[in-house]
Structures are given as C-alpha cells and as structure tokens.
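Let me begin by presenting the structure, written as structure tokens, before commenting on it.
What follows draws every value from the coordinates through simple rules; no lab data is involved. Just so it is clear, the structure is predicted and the values come from calculations on it, not from any experiment. Here the Cβ is made from the backbone with ideal geometry for all residues, glycine too, and neighbour counts use every protein chain on show.
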Amino acid sequence: MMNSSIIQTAMDQAVKDGVFPGGVLAARSDGELKVLAVAGRLSADPGAESVTNSTVYDLASLTKPLATATCVLLLVQAGKLEIDAAVGSVLVELKGAPIGTATLRDLLAHRAGLPGWRPLYERLDAEGLAWGRAEPDAVRQAVLRLIREESLLSAIGEQSLYSDLGFILLGVAVERVSGLLLDEYFNEAVAQPLGAQPLCFNRAAATPRFRDALMGASIAPTEWDDWRKRQLKGEVHDENAAAMGGVAGHAGLFGTAHSVLTLSGAWLGVSHRGRPLLNRHLVQEFTRKQSLPAKSSWALGWDTPTAPSSSGSHFSPESFGHLGFTGTSLWIDPRQKLEVVLLTNRVHPSRNNDAIRAFRPMIHNLAYRELARA
C-alpha cells in the first residue's frame, strides 16, 4: 500500500476545517488497496475516540446501490424479477394507481415521477403504525398505502427526480419476491457470500446479527434526533427508515470502508469462490446511464459523472457511484479499475453542515491523480 501523504493531509485538514469530525478514505486500484487515510475522531465530544480503519458508519443512501440495486440485480439474474415489469405486478397493492404502471427500471432510474421525500414517519407515528407499535407487515402495508396516495409530479419517464420513495418500493419488492425481509435477503445473498463484514442493517434497534457483526467495533454517531429524542449511534439516521424498523430500500445499511470495497469489487467483476457474484451483462446494464429522460445522469441504482460531479473532473464516463446524506460516497471507474470509498459522519453534530460538497470533488481529484494509470 502506498503512503499517500497528500490524501492524508487533505483528510486531516478537513477535520480541522470542520468538514466532518472524522472519516476514512480507502482507494483500490486493480483490486489492490493503495490508499487508506484515517482522520479525526468519532464525534465532536471532548475526549472522543479516534477513528480507525474499522470504524462503522451509517452509509445512508449508499444503501440504494449497495443493498437494494444489488438485490434487484440478483433477483433478475435468478429469473425471479423482470427489470421492465410494472411495479404493480410485483406489489399488487399498487395496481390501479398511477405509480403502479411504473417499471422497476423507472424506479431504479429515478424517473417514476414520485416526490423525492415525504415525512412518512410522521404519518406512521400519528396512525400508531411506526415500528415497535405495529406488526412489521402492517408497517409495510401502511407505507405502500401512503406512497400509493402520492400524486406523481411528472409523467413516468418524463423527468429525473431523485426519490427515496421509489427505493422504498424497490426494497419492499425485493422482500415480496425473495420471501425474506430485505436485511435477511441481503445478508444471505450478498454479504455472506462475499464475506463483506460488517455490512448490515440494524433492524429494530439491536438485532443479534447486528450486535454480532459489530462486536467490539467503534461506531460513528450521527445526529441528535428531535423525533426520537436521542443521540443516534448505530441506529439509522433517516427517520423514514427508522419508522420502518431500520430496514428500508433507501437507507439503513451500516459498514466499514473495507466492507464497502468488498461489495464494490463485486460490481467490478472480482471473482469470489471461482466465479463473479454478479452477471457481467447485468452489471453493464445497471451501471450504464439511461437514455431517458434527456440529460439525466442516472443509471439503475447508480449515478454517473455529469459535471459538476462529486467524483471530481477526472473519472471516466463509464464510471458509476453514489452519495450518502450522512457524509458517505463511493465512486468506481471500471476503465481505471479504481474504487474510492469515503465514509464520514458530517451530520454530526448537525446536518446543517454542508462543507463536504466542496470537499468531495477535491478529494476524488486527488485520489485519481495519485492512482490512475497513465
């Protein structure tokens, strides 16, 4: 592993500048770990422990490509799902509603016309249906009902609008087809076969699997939550995911930089036990920018570089990646066989800190210059 002082210096400076309390940047080239830069502390509290390369972060919306899109691809690969099937044919509760005619491809490409976000957790809470106050299936049924009631903001396929709601539907679709809860299917079909540990959801506060996976691990806290009236640590930051028990298609995954790289390697076609986990042709389909709508940067579950991009200005057009609200990101350049994962808890102590917006392209430019082949 190379000693990249320029990346370490940039990470240290970001901590000093208050971009985040601490973070880990891991970069791999040709399957070999080249850079591991660790900076700062777990929190802004005096005396907080230092971040380590095994610190666990709330991955936030990295859940969308890493968990949900990966699970969808595997179900398509197994012949259990059709990528162009109407969501109403999978989730029969949506039949007859405008969103029911959208395809899984539309949801994955953020072009189904759904709003980006709604405070579903407030509605669930008011109806006594938030997790812990109702059976899991009742919570899922309520979520489907609330999303079904949403008016589409544009015709399906007409406009690109990043939507948590679409990925919530995809997560439920994975559960419906697999017969398992999303976290169970992800663990069985993805995390365990790859040996990607710890990379897991924390269902309903502290499942034994989560405790076992994170035994002795340091976990970066996120934010004080006024709804839950507590500091969040090892509990999903996103309120809608929390209301669904910590397991949802749009958020809820926790992991380390190493475990994220293990899964990103599968998207690059790294073999495990003699064969790749993911079909190469499906990977190409999922990571290729969609032709509709015009000017959209979205592939299927993944984003692609469109200036200005958080990936900086050097990643090739074939690259794909995603961001997480808590301060996480992953960008992969298949042309260079380059993977860069950045994990931080920039929302601690407050989500109002958005200094990471300028930091992300800068650090990816540095990583590219250090690692890309001529």
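Specify the longest stretch of the chain that does not include any exposed loop site, a site being one of the trypsin sites (Lys or Arg not before Pro) with a non-H, G, I, E, B DSSP assignment and at most 14 other Cβ atoms within 10 Å.
134-227
How long is region 94-235 along each principal axis, judged by its Cα atoms, biggest number first, in Å?
49, 37, 27
Take the alpha carbon gyration tensor of region 67-178, find the square roots of its eigenvalues, order them as a ≥ b ≥ c, and report rounded if a/c is under 1.5; if not, report prolate when a/b exceeds b/c, else oblate.
Here region 67-178 falls in the oblate category.
Which one of 156, 108, 179 has its Cα pushed farthest toward the positive end of the charge dipole of region 101-203, where Lys and Arg give +1 and Asp and Glu give -1 at the Cβ?
Among 156, 108, 179, the one farthest towards the positive end of the dipole of region 101-203 is 156.
Return, for the Cα atoms of region 269-314, the radius of gyration and Dmax in Å, separated by a comma.
13.5, 40
Could you work out which residue, out of 30, 238, 125, moves most in a Gaussian network model of the chain, that is, has the largest mean-square fluctuation with Cα springs under 10 Å?
Result for the chain, Cα springs under 10 Å: 125 fluctuates most.
What is the dipole size for region 289-369, taken about its Cα centre, with +1 at each Lys and Arg Cβ and -1 at each Asp and Glu Cβ, in debye to the nearest 20?
With only Lys, Arg, Asp and Glu charged at Cβ, the dipole is about 120 debye.
May I ask you to list the GluC sites (Glu not before Pro) in region 76-160 that are in a DSSP loop and have at most 11 other Cβ atoms within 10 Å of their Cβ?
Here the sparse-neighbourhood loop sites are 149.
With a/c under 1.5 counting as rounded, go ahead and sort region 306-374 into rounded, prolate or oblate using the C-alpha gyration tensor (a ≥ b ≥ c being the square roots of the eigenvalues; past the cut-off, prolate if a/b is larger than b/c, else oblate).
prolate
If I build a Gaussian network model for the chain, linking alpha-carbon pairs within less than 10 angstrom, which residue out of 325, 201, 254 has the largest mean-square fluctuation?
Comparing 325, 201, 254 in the GNM, the peak value goes to 325.
Of 219, 139, 307, whose Cα points farthest to the positive end of the dipole of the chain (charges on the beta-carbon: +1 Lys, Arg; -1 Asp, Glu; origin at the Cα centre)?
Going by the charge dipole, the pick is 307.
If neighbour count is taken as other Cβ atoms inside 10 Å, put 129, 169, 180 in order from fewest to most.
Ranking 129, 169, 180 by Cβ neighbours within 10 Å, fewest first, gives 180, 129, 169.
Counting Lys and Arg as +1 and Asp and Glu as -1, each charge on the Cβ, what is the dipole of region 67-178 about the Cα centre in debye, to the nearest 20?
Using Cβ point charges on Lys, Arg, Asp and Glu, region 67-178 gives about 140 debye.
Just name one of 166, 67, 368: the one whose Cα is farthest towards the positive end of the charge dipole of the chain (beta-carbon charges, Lys/Arg +1, Asp/Glu -1).
Value computed over the given set: 368.
Where the only charges are on Cβ atoms (+1 Lys, Arg; -1 Asp, Glu), what is the dipole of the chain about its Cα centre, to the nearest 20 debye?
I would put it at about 660 debye.
Where does the chain land on the Kirkwood hydrodynamic radius, alpha-carbon pairs, in angstrom?
20.6
So what is log10(I(q)/I(0)) for region 50-98 at q = 0.15 1/Å, when the Debye sum runs over its Cα atoms only?
-0.60
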